[in-house]
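Below is one structure; the comments refer to it alone.
The values are calculated or read from the model by the stated rules, or taken from the named source; none is laboratory data. Here the structure is a predicted model, which means the values were calculated and not measured. All Cβ positions, glycine included, derive from the backbone under ideal geometry; neighbour counts span all protein chains shown. Quick note on the areas: whole protein, heavy atoms, side chains included, nothing else; ligands and nucleic acids left out. Shrake-Rupley method; radii C 1.70, N 1.55, O 1.52, S 1.80 Å.
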Amino acid sequence: EIDKLKLPRPELFDFHGVQMIHYFTDNWEAVQNFQARPDDILIATYPKAGTTWVSCILDLLYFGQTSPERQTSIPIYERVPFLEMFFPPILSGADQLEKLPTTPRLIKTHFPVQFVPKSFWEQNCRIIYVARNPKDNMVSYFHFDCMNCVEPDPGDWNSFFQRFMEGKMVFGSWYDHVSGWWKKKQTYSNIHYMFFEDLVEDTGREIDKLCSFLGLSPSAEVKQQITGEVQFDNMKKNSMANYSTIPVMNFKISPFMRKGKVGDWKEHLTVAQNEEFDKDFRNKMKEPTLQFRTEI
Ligand code: A3P
């Protein structure tokens, strides 16, 4: 049992030009040498962009009919191992993946595109990238860092807000992350780039798009069932999806399934912060075709 009170908060450091913490770099060699298989599916996101949501959708699409008991007996972080996670005595993400009995393997990563092990590209693996508008992403990340003792100390909201704009977050700058993956899509066609806001707006439509990318054709009934199962309230109360079984998180501070909304940033950013953010955003974002919605 991990004692969350005694665990010191990790420090950020520069790692190949990206701010990281040691839990995600300590296994670097093994992760870089990870042998992807052609049918592996990588779910890549900046933290708090909807990783768990899409992980649950994919798990249901692939295994919901054949092994429905997975949903009620195996936590999502074991069904979809976190590639770069290294947190002894817990089995590392890479080792979990080696031992995974099911195929295809669904693999979670928060790596910026340049950190992805080369075998994924060599094997032409399917990759699903989920992006979320920066304001809600930042708010979600703040609450997460408050409740998760294996994240750096978030400080107060204002300092967190400044550091988000500076890219001083675990896995680096949000701007670099979403743009780097967006650029990759131009040369590597096996990426499905999707948005949290679209999922909120019409989950069924986004599941349809995922199915056509993955070459799956579930019945309308099955799709409807999945859409229901991954609704926020259902995932929030499902202990195998809501991270309540993980010892390092303090749910008294904030639950993992916090709000699941578009536009919650309005409850956090002051008018001045919002103006500062918009100005900074226009300077930083250089991908005119990459558009985000901060409300729907
Ligand atoms: P909030 O903190 O804004 O509520 P990740 O899985 O990448 O860590 O992202 C977590 C965020 O996704 C949290 O955002 C969480 O509530 C939201 N989320 C998870 N499952 C969801 C669902 N089924 N519907 C809507 N939002 C969901």
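Using a 1.4 Å probe on the protein chains only, how many percent of the accessible area of the chain belongs to carbon and sulfur?
Working: 6890 of 13410 Å².
Ligands and nucleic acids excluded, carbon and sulfur give 51 percent.
If you build the Cα gyration tensor of the stretch 109-251 and take the root of 5 times each eigenvalue, what three semi-axes come out, in whole angstrom, biggest first?
28, 23, 14
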Revision key, fill the gap. Between residue 279 and residue 153, the FRET efficiency computed from the C-beta separation at R0 = 30 Å comes out, to the nearest 0.05, as 0.65
Exercise for review: Calculate the dipole size of the chain relative to its Cα centre from +1 charges on Lys and Arg beta carbons and -1 charges on Asp and Glu beta carbons; express the result in debye to the nearest 20.
Suggested key: 280 debye
Practice item. Go ahead and set up a Gaussian network model of the chain, Cα springs under 10 Å, then flag whichever of 18, 222, 113 fluctuates most. Key: 222
**Study point:** Spin-label pair residue 32/residue 232, simplified geometry with 7 Å Cα→Cβ offset, distance in nm
**Key:** 4.1 nm
Check your understanding: residue 65: net charge of surrounding residues, Cβ under 13 Å, Lys/Arg +1, Asp/Glu -1, itself excluded?
Key -> -2
Check your understanding: Which of 6/266; 108/279; 236/279; 261/284; 259/286 have a Cα-Cα distance over 27 Å?
Key -> 6/266; 108/279; 236/279; 259/286
Point to revise | Cα pair distances of the stretch 179-296 binned at 10 Å [whole percent] | key: 10, 27, 34, 25, 3
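Determine the equivalent ellipsoid of the chain by diagonalising the alpha-carbon gyration tensor, then write out the semi-axes as square roots of 5 times the eigenvalues, largest first, rounded to whole Å. Walk me through the intermediate numbers first.
Numbers: eigenvalues 143, 102, 88 Å².
They are 27, 23, 21 Å, listed largest first.
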**Study point:** Net charge of Cβ neighbours under 12 Å - reference residue 172; Lys, Arg +1; Asp, Glu -1
**Key:** -1
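Give me the net charge for the shell around residue 11: Cβ to Cβ below 12 angstrom, other residues only, Lys and Arg +1, Asp and Glu -1. Show your work: numbers first, answer last.
Numbers: positive: 9, 168; negative: 14, 151, 153.
Counting the neighbours of residue 11, the net charge comes to -1.
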**Study point:** the chain, accessible area per residue, ligands and nucleic acids excluded (1.4 Å, Å²)
**Key:** 45 Å²
Exercise for review: Considering only 89, 81, 154, give the residue with the highest GNM mean-square fluctuation for the chain, with springs between Cα atoms whenever their separation is below 10 Å.
Suggested key: 89
Check your understanding: Taking Cα centroids, how far is the stretch 140-158 from the stretch 248-263 in Å?
Key -> 11 Å
Check your understanding: When the chain is modelled as a GNM with alpha-carbon springs shorter than 10 Å, which of 130, 271, 54 fluctuates the most?
Key -> 271
Check your understanding: If the label point is 7 Å along Cα→Cβ of residue 72, which residues in the stretch 227-244 have backbone nitrogen under 14 Å from it?
Key -> 238-241
Review point. Near residue 209, which aspartates and glutamates are there with a Cα under 14 Å away, not counting those fewer than 8 places off in the same chain?
Key: 198, 201
Check your understanding: Helix-derived [θ] at 222 nm for the chain: sum -39500 (n - 2.57) over DSSP H runs of at least 4, divide by residue count, nearest 500?
Key -> -11500 deg cm²/dmol
**Study point:** Cα-projected label distance for residue 183 with residue 208, points at 7 Å along beta-carbon direction, nm
**Key:** 3.4 nm
